[in-house]
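The next block holds one structure in the form of structure tokens; read it before the comments.
FYI, it's all coordinate maths here, none of it is from the lab. Just so you know, these numbers come straight off a predicted model, no measurement behind them. Positions of Cβ are backbone-derived with ideal geometry, glycine not excepted, and every protein chain shown enters the neighbour counts.
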Amino acid sequence: MATNRADSLFARAEAWITAAAADGFCTPIDAQRLAAIERTASDALFADTENPPLVVAFFGGTGVGKSSLVNRMLDETVSRVGVERPTTHEVTLAIHRDVRLAALPPELPVDRARMAPHASDRWRCVALADMPDVDSADARNLALVRAWLPCVNLLVYVVSPERYRDDIGWRMLQERGARHGWIFVLNRWDEGHAAQREQFAGMLREAGFLNPVLLVTSCRPIDDSTAGKTAPPDEFDRLCAEIQSAAQAGNADAIRRAAESERLRELAAVISGCTARLGAPADWMRVRESCEHRLQNLEVLIAQGLEWPIRAHARLFAQRDANWIPNAQALLPARPALRDAPNEHPPDTTEASTSAATIEREVAGGLATAEGGALQPRIWDAWADAEFATLADAVELEARNLGIQAGPLRRALNDALPGAADLANSEIARALRLGLAGPSGAMRRLISRLLGALVRLLPLAALAVVAYSIVRGYLRAVSGNLGFLDVNFALHSALFVLIAWLLPYSLHRLLRPRLEHIAETAMRNGLRRGLSRVGATLLSALDEVLLRAGQHRESAVELGAEVAAAEPKCDPSAPFLRARRPR
Ligand SMILES: Nc1nc2c(ncn2[C@@H]2O[C@H](COP(=O)(O)OP(=O)(O)OP(=O)(O)O)[C@@H](O)[C@H]2O)c(=O)[nH]1
Ligand SMILES: [Mg+2]
């Protein structure tokens, strides 16, 4: 049951890593780490999964006497003992003839496995596996041992007095300490002495086995050289008793639980490693705040940096504005166009409409910049793009420094950046167009309109006064009362009419908004709006990534909690087990 639950947790972890990898938050290495966790369980070997035999494997260097011990236990030769090294090249699984095997897991190299059924009721609850050595020149032996180890519950680590510091075996003991139950056997004890046992026990304690089951055995065949000598100390019977004890329900369950617990701990470690790289909410908030802050500073910098291109572009309008004659001429064709539309508002004589009309004509007439036209300024340039790319670099670095997997963030920012130029330029163009169409406030437009009317009305009124004076003077002269009007009158009248026109005209010109300034202000406002839209686009790209990371994190935290809850409770002082190391 527990294994089913663990299998489902492994399947969910796999699905989670696949989903997170699709968004760039996990890498193939995470998937490999997950795949590297052992899945095969010893129970998978047997048809009876409720009450399977305990798999006990004899493990160690070449020639230490593994095969000799297995044969001695079963009181028959199931595995060949030899003088050539190594002798054993396959796994011999000695099981009681009543035990039924299941279809063996596909990852097991069954071509190098041999089944040896026996009839010894003493070993009914145990499957004894004689393994090849782990340290000979034949590297395939080590690979075969590694392939079978996930199926093993209890490892009998056999060493000899001269080889108990065996490198490979010792490394595997440290690596797999928590995945199995352990019994240690110093075989060939006829060649050993007491100090070696003490030393080996000390090594085991340092490796985390606080109270290891350590036995000495001697399987030396009786021959001429041993005949008549005192038999060396041999704890073979105790070894058999310890294996029998390990196979009893309580101990066997504890050994299986420890292995399951280790697998789930490894699974939890993989999940928490991935979770850490998704970034805590507080870390993402720091990245976001820093991005906002950088954007504010950058908006100021870009506004300053693009001031010159804005002024340069605005000068296009100054060229047309400086010469009043072309503007005055420009007024004329603007009117018929408005007259053609009788249902619309009366012709607007304000400077605003005339300026807009002038610019439209200029654009239509080819007064266009190389980049696109007076009304389509390309103010945003490569420098501004580079500044935003630098901002993206800084935000990415900040995320990385906080341990966040920054790939998805970088990609999202990269996707958003190329649109900045179009966004900003279109805002500038829009602001320019609208600015030219309605350049000033309502009061200023009213004054401008009044002055425009006065430019026409005051000279007419002055002319009327002059005409009245001329008629009156003439009538008086004809009736003989007074002389005819003289040159002084003509001169003063001309000056009077001139002043009546010049005064409102000068005021009108003085108060009229200048095209260059209108264009500059409009483009500045447009750039400001463009920058805030670019900033908003970048922030929303960041938010999107932040949201996805948060969702993946939530599922990972939930999964991690389930894995922790599923981890079987183990007694660290249980026999055969290595004391657990802190997480
Ligand atoms: N002196 C002595 N010789 C032993 C003892 N046990 C086994 N031998 C001998 O050591 C040699 C190797 O024994 P094996 O049982 O084949 O050793 P193994 O660990 O299975 O070796 P590989 O299959 O090569 O890994 C044989 O010649 C055995 O007779 C022992 O306790 N004392
Ligand atoms: Mg052997």
Review point. Separation of region 8-58 and region 503-525 by C-alpha centroid, Å?
Key: 76
Exercise for review: Please give the helix 382-401 orientation as an angle from the longest Cα principal axis of the chain, in degrees from 0 to 90, rounded to the nearest 10.
Suggested key: 30
Practice item. With an 8 Å cut-off on Cα pairs and a minimum separation of 6 or more residues, tell me the relative contact order of the chain in percent. Key: 18
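Using 0.36 nm per residue of separation minus the Cα-Cα distance, give me the extension gain between Thr27 and Leu491 in nm, one decimal.
Details: separation 464, 0.36 × 464 = 167.04 nm, distance 9.50 nm.
Gain on extension, Thr27 to Leu491, equals 157.5 nm.
If we count every other residue with Cβ under 14 angstrom of Ala22's Cβ, Lys/Arg +1 and Asp/Glu -1, where does the sum land? Before the final figure, lay out the partial values.
Details: positive: Arg411, Arg548; negative: Glu14, Asp23, Asp30.
Local charge sum for Ala22: -1.
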Review point. Sequence-distant or interchain residues sharing an amide H contact under 5 Å with Ala116, placed H: which?
Key: Leu93, Ala94, Ile95
Review point. How far apart, in nm, are the 7 Å Cα→Cβ label points at Ser272 and Asp543?
Key: 3.4
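Name the shape class, rounded, prolate or oblate, that the alpha-carbon gyration tensor gives for region 55-247, where a ≥ b ≥ c are the square roots of its eigenvalues, rounded holds for a/c under 1.5, and otherwise prolate holds if a/b is larger than b/c and oblate otherwise.
Working: a/c = 1.44, a/b = 1.22, b/c = 1.18.
Because its axes are fairly even, with a/c under 1.5, region 55-247 counts as rounded.
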Exercise for review: Lys and Arg at +1, Asp and Glu at -1: add these up for the other residues within a Cβ distance under 13 Å of Leu482 and post the number.
Suggested key: +1
Study note, to complete from the structure: With Arg188 itself left out, Lys, Arg at +1 and Asp, Glu at -1 over residues whose Cβ is under 12 Å from its Cβ give -1
Review point. Going by alpha carbons, how many degrees (0 to 90, nearest 10) lie between the helix axis of 515-566 and the longest principal axis of the chain?
Key: 20
Exercise for review: For Glu554 paired with Asp111, estimate the spin-label separation in nm (one decimal), with each label point 7 Å from Cα along the Cα-to-Cβ line.
Suggested key: 5.1
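Rule-of-thumb check for the chain: C-alpha Rg over 2.2 N^0.38 Å? Mind showing how you got there, number by number?
On the way: Rg = 48.0 Å, N = 583, 2.2 N^0.38 = 24.7 Å.
Working it through for the chain, the quotient is 1.94.
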**Study point:** Contour minus Cα-Cα distance for Arg456 and Glu387 (0.36 nm per residue)
**Key:** 19.5 nm
Revision key, fill the gap. Each label sits 7 Å from Cα toward the beta-carbon; between Leu463 and Thr18 the label points are separated, in nm, by 9.0
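Given the DSSP H assignment, sum -39500 (n - 2.57) over each helix run of at least 4 residues in the chain and divide by its residue total; what's the result at 222 nm in deg cm²/dmol, nearest 500? Each step should come with its number before you reach the end.
Numbers: 18 runs with 347 residues, N = 583.
Calculated at 222 nm, the ellipticity per residue is -20500 deg cm²/dmol.
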Review point. To the nearest 0.05, how large is the calculated FRET efficiency for Ala303 and Leu446 if R₀ is 35 Å and r is the Cβ-Cβ distance?
Key: 0.60
Exercise for review: Would you kindly state how much longer the chain becomes between Asp48 and Leu402 on full extension, computed as 0.36 nm times their sequence separation minus their alpha carbon distance, in nm to one decimal?
Suggested key: 122.4 nm
Check your understanding: Angle between the Cα long axis of helix 2-22 and the longest principal axis of the chain, 0 to 90 degrees, nearest 10?
Key -> 30
